[in-house]
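Right, one structure below, let's go through it.
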Amino acid sequence: MPNTAELTVYFLLNKGVHVLDLAGPMQALHEASKRGAKVDLHYIGFEACLTSHQGLQFANVDKPPETVANNSIIMVAASHYSEAIYTDPASLQSITWLNRINTNANTDANANADANNNILIVGICTSSILLAKSGMLNGKRCTTHHSLRGGIERQYPKVQFEWDKLFVEDGNIITSAEVTAGLDLTLHLIERFFGYALSLAIARDLVVYRRRMGNDAQLSVHVQYRNHVHPLVHDLQDYIQANFQNKMN
């Protein structure tokens, strides 16, 4: 049965945040709220004003709360990848805060055998690196953008990366692949908390052509077969795709 209680969602923003990693999940949850779901959205970070990687500026960002109630989701929006990602002072404060919230949540859950840990921590795309830096992914399965394969595996050998998944859930931590996968994951969460019918209605409203699930591959066959730069072959592929139902003479 879907959970009908109020769901509090915190979007944690850090330096160089990618707009789409925030906007996709935010829009889906806002649509859920418009359709009657009890969703309370908050935008938090350790910088009151920050600039996205695309140049859009955010102001009046709230400071993260001291405590987070059950039935909450912390969604860490991805930042632009660089060798210095998540090493700035505000990001390090985010890591400390997340670790404390996660530790307290697990302690509360373990204290009561009948209680589930109802605080979900969601890492969208490169924010899996922030979670890995915190240590909370040690021994856990996760995913992130496929282009990071190799480098971060060597950097975080205790993390079990699964590169062929759109999103991966291990305990109370969920991680997703590239930017649009954050929308797929959010629809999955809306279905979990508020039911399939609502998630389907939102997917239709957002003109999501096909809902993808966690086990779907990051790289679609429709993208893989065009991984070349030969214009003649592209023209031939376009022709076949447009005329595959016609008889070839």
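Identify the single condition in (1) at pLDDT 90 or above; (2) in a loop (DSSP other than H, G, I, E, B); (3) surrounded by 11 or more Cβ atoms within 10 Å (Cβ to Cβ) that Gln218 does not satisfy, given that it satisfies every other one. The single condition Gln218 does not satisfy is (1). On the stretch given as the range 150-166, residues that are assigned to a loop (DSSP other than H, G, I, E, B) and not β-branched (Val, Ile, Thr) total 9.
I'd like to know if the range 17-30 contains one or more residues that are touching a Leu at 6+ places or on another chain (Cβ under 9 Å), in a loop (DSSP other than H, G, I, E, B) and of a type in the set (A, V, I, L, M). No, the range 17-30 contains no residue that is touching a Leu at 6+ places or on another chain (Cβ under 9 Å), in a loop (DSSP other than H, G, I, E, B) and of a type in the set (A, V, I, L, M).
Is it fair to say Ser52 is touching a Gly at 6+ places or on another chain (Cβ under 8 Å) and not basic (Lys, Arg)?
yes
Scanning the range 48-85 for residues that are at pLDDT below 95 and of a type in the set (Asp, Glu) turns up Glu66, Glu83. Taking the criterion of being among the polar types (S, T, N, Q) and buried (at least 18 other Cβ atoms within 10 Å of the Cβ), the only residue of the range 39-57 that qualifies is Ser52.
Inspection of the range 7-23 identifies at least one residue that is without any contact (Cβ under 8 Å) to a residue 40 or more places away in the chain and within 24 Å of Leu198 (Cβ to Cβ).
Residues in the range 101-115: is at least one crowded, with 18+ Cβ neighbours inside 10 Å and either modelled with pLDDT of 80 or more or part of a strand (DSSP E or B) (or both)? Yes, the conditions are met somewhere in the range 101-115. For the range 1-26, the candidate set comprises residues that are buried (at least 16 other Cβ atoms within 10 Å of the Cβ) and polar (S, T, N, Q); within that set, the residue that is farthest from Leu185 (Cα to Cα) is Asn14. Taken over the range 135-167, the residue count meeting the criterion of being more than 17 Å from the chain's Cα centre (by Cα) and surrounded by 20 or more Cβ atoms within 10 Å (Cβ to Cβ) is 1.
Taken together, the criteria exclude Leu236 from residues that are within 30 Å of Asp40 (Cβ to Cβ), among the aliphatic types (A, V, I, L, M) and either modelled with pLDDT of 80 or more or not in a loop (DSSP other than H, G, I, E, B) (or both). The set of residues in the range 130-149 that are outside any loop (DSSP other than H, G, I, E, B) and either farther than 15 Å from Ser91 by Cα or of a type in the set (Phe, Trp, Tyr) (or both) comprises Arg141, Cys142, His146, Ser147, Leu148. Residues in the range 196-204: is at least one surrounded by 19 or more Cβ atoms within 10 Å (Cβ to Cβ), under 17 Å from the mean Cα position of the chain (by Cα) and in a loop (DSSP other than H, G, I, E, B)? No.
The values are calculated or read from the model by the stated rules, or taken from the named source; none is laboratory data. Here the structure is a predicted model, which means the values were calculated and not measured. Heads up, the Cβs are rebuilt from the backbone with ideal geometry, glycines too, and the neighbour counts pull from every protein chain shown.
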